[in-house]
Amino acid sequence: MKRKTLFLSFIFIALAFIPRVVVNASSYNYDFFQNTIYSSEGLAYKDTFYLSDFLVNTTYQEEIKTNPYTLKGARDSFTAALADIFVDDVTQKIYILDSATNDATTSTVKVDCADGQTTAKLTNNSTVYIINSEYKMEFSFDILKITEDVQETLAEYYGVSMDPTQFSLAQIQSADSIEKATRRCPFFAASFDDGQTYEPAVVCYGADGIYVIGNYLYIADKFNSRILRVDISDQKNPIVDEVFLTPNDIIFFQIGDVGKYGEDGKLIDQSSRTTYLPSKIAVDGDGRVYTIASSTFEGIIEYNPSGEFNRFLGKNLVTKRSWWTFLLTNEQYETLSSNNPNQFTNLIIDDRNLIYATAKPDADSTVAQQMIKLINTSGSDVLKRNGYVTPDGDVKYQQFVKPAVTGSSIFVAIDANDSRIYSALDQTRGRIFTYDDEGNLLYVSAESGTLANTLKTPVALKYLTLVENNETHEYVLVLDQGSKSLLVYETTEFGKLVNKATSLYLNNKIDEAKVVWEDVVKMNSNYELGYIGIGKSILRDANVEPDKETQLKKYKQAMEMFELGHDKEYYSDAYKQYRNIMIKDNFSIIMTGFVLTIAFVVTLKVFKAKQKKDLAKIQKEASEDHE
């Protein structure tokens, strides 16, 4: 018996420590019990466009002949660091940001310096490529003119001369720190037209984020510690007309701070401050700029339209350390990660001016959670999490076993469409997780790998909607840094049905949504959300049904659908309505039965009490006779 007990105990312990495993299927979902189940594809791979493919466009080649201060010809093999992508819904243009172009054929530019004119080669500079909806290159730029106001702002902030000829690109490239490079050369004089006229200009280094709204392109010029607003109304002559500099907050390293140098002329210790490194950006309809800064834990930074720092918002919470840390020595405790909030990784703004933001999983938490947030204007997270699983990517995954990919999902990008459907890009396994407004996981798409149809190191994601032959097609574009390519995923018929049903329900077209959900479950009988959608439609019809008999029938049908979908909340609502009608219609019978039951119970108790009393009397008389 002891052996059996020990054996069973061993089995239970082993089962408890089996790592969570995610399936290898390219498309899956989770059921109510959080079991991984196969699901029809919502997004299907369509095509891959390598950056080198964009650059061999004939039209583009002809264009650059007349613009010698941009990329020189097509490059079949080159180094690039793709960082971000943006899709302009109005113009249907695709903007791709190359963070650091570095090869032998990068741009050369004539610069006017204090010691005369010279030719400087751009290296490690950032480039923006503009692609049309046919995935053809239209234009690119890496050198940007600046207005006189921007020149004055930069000169004042960095405490340098207004004369752009005092600075050269060589000064930036020879600098051994970000601070020295920026202070040494905040702008320079470059020739754009005839080679004789020189204008103040800037280049971006390590740019990490772009955003387009109207005629303005915003660039997070990361290693120059600034955000540039570029007027692109004339696409071939972009010009910077506003600059957003280091926020006026104590946590940041202010390059131009008064008092930075002491009376002795030596640099005051600023080790407690953080260098401002803007990463991803978003802009609302009023021109407010929101950015995520690397190594900043206070939240998302907000600027007003004129470039002034407003506030931080949406700060992540700190996870309390485990109770056992008090047992560690000081040396062991110092090896633990800093107890800081998890950092944001990306953000977008929807048509309600709400911010969808992704964040890294908290290193101190045992469960990866709240990696997607919907932040309102007061900075509160209002994201709904009503699904079987929370919007945090994979629920089951390898934790310790290698060579399998281990660890939770890490979201690096997010985008939402007009139907409040949003997709988040998981860099851990190259997955795209798509959720609805309630937080239900609609479908999982894509996978990691080294083939042309897989993701190697995905960094950015955007929706693209095109109307072709009077038919609307929705695509998801994924920028892959590892393969230097743009991957296109098209919404499948199954995905279109799910999206359509979700949109109809959001717009209160419940009956129309029911028809679509019925088509969804025909295509995938395991799709539990489809049954819930059908149940919601039946429940709504039942609530307004005048005929009680039909109403009861519909409530019962709704309960059956919610049972198939494992939705306890809506099942309870349908059952409550069903129960209320049954009680109301049979009230007299129920009350009669209730009264008769009470009367019976009372009579039974009286009878038992009388029996007990009579028995006691008989026993007493018998006892007296015995004596």
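Each reported figure results from applying straightforward, stated rules to the coordinates on display, with no laboratory input. Just so it is clear, the model here is predicted, and its values are computed rather than measured. Counting neighbours? That spans all protein chains shown, and the Cβs are built from the backbone with ideal geometry, glycine included.
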Fill in the blank from the handout: The pairs in Lys373/Lys576; Lys93/Lys373; Lys360/Lys484; Lys280/Lys536; Lys500/Lys556; Lys93/Lys484 lying past 31 Å Cα-Cα in this model are Lys373/Lys576; Lys280/Lys536
Exercise for the section: Find out how many positive minus negative residues lie around Phe433, taking Lys and Arg as positive, Asp and Glu as negative, among other residues whose Cβ is under 13 Å from that of Phe433. Expected result: -4
Completion exercise
Given a Förster distance of 56 Å, the FRET efficiency implied by the Cβ-Cβ spacing of Leu451 and Ile250, rounded to the nearest 0.05, works out to 0.70
Exercise for the section: Quote the FRET efficiency, to the nearest 0.05, computed for Val606 versus Met582 with a Förster distance R0 of 35 Å and r equal to the Cβ-Cβ distance. Expected result: 0.60
Handout entry: FRET efficiency for Lys617 and Phe33, using Cβ-Cβ distance with R0 set to 45 Å, rounded to 0.05
Key = 0.10
Practice task
Run the numbers on the range 508-585 and let me know its relative contact order in percent, using alpha-carbon pairs under 8 Å that are six or more apart.
Solution key: 26
Practice task
Give, in nm to one decimal, the length gained when the segment between Asp519 and Asn304 is fully stretched (0.36 nm per residue of separation minus the Cα-Cα distance).
Solution key: 72.7 nm
Handout entry: Extension reserve of the Thr472-Ser133 stretch, reckoned as 0.36 nm per residue once the Cα distance is removed
Key = 120.7 nm
Problem - Gained length - Glu490 relative to Gln343, 0.36 nm times residue gap less alpha-carbon distance - result: 49.8 nm
Handout entry: Sum of side-chain charges, Ile301 neighbourhood, beta-carbon under 10 Å (Lys, Arg +1; Asp, Glu -1)
Key = -2
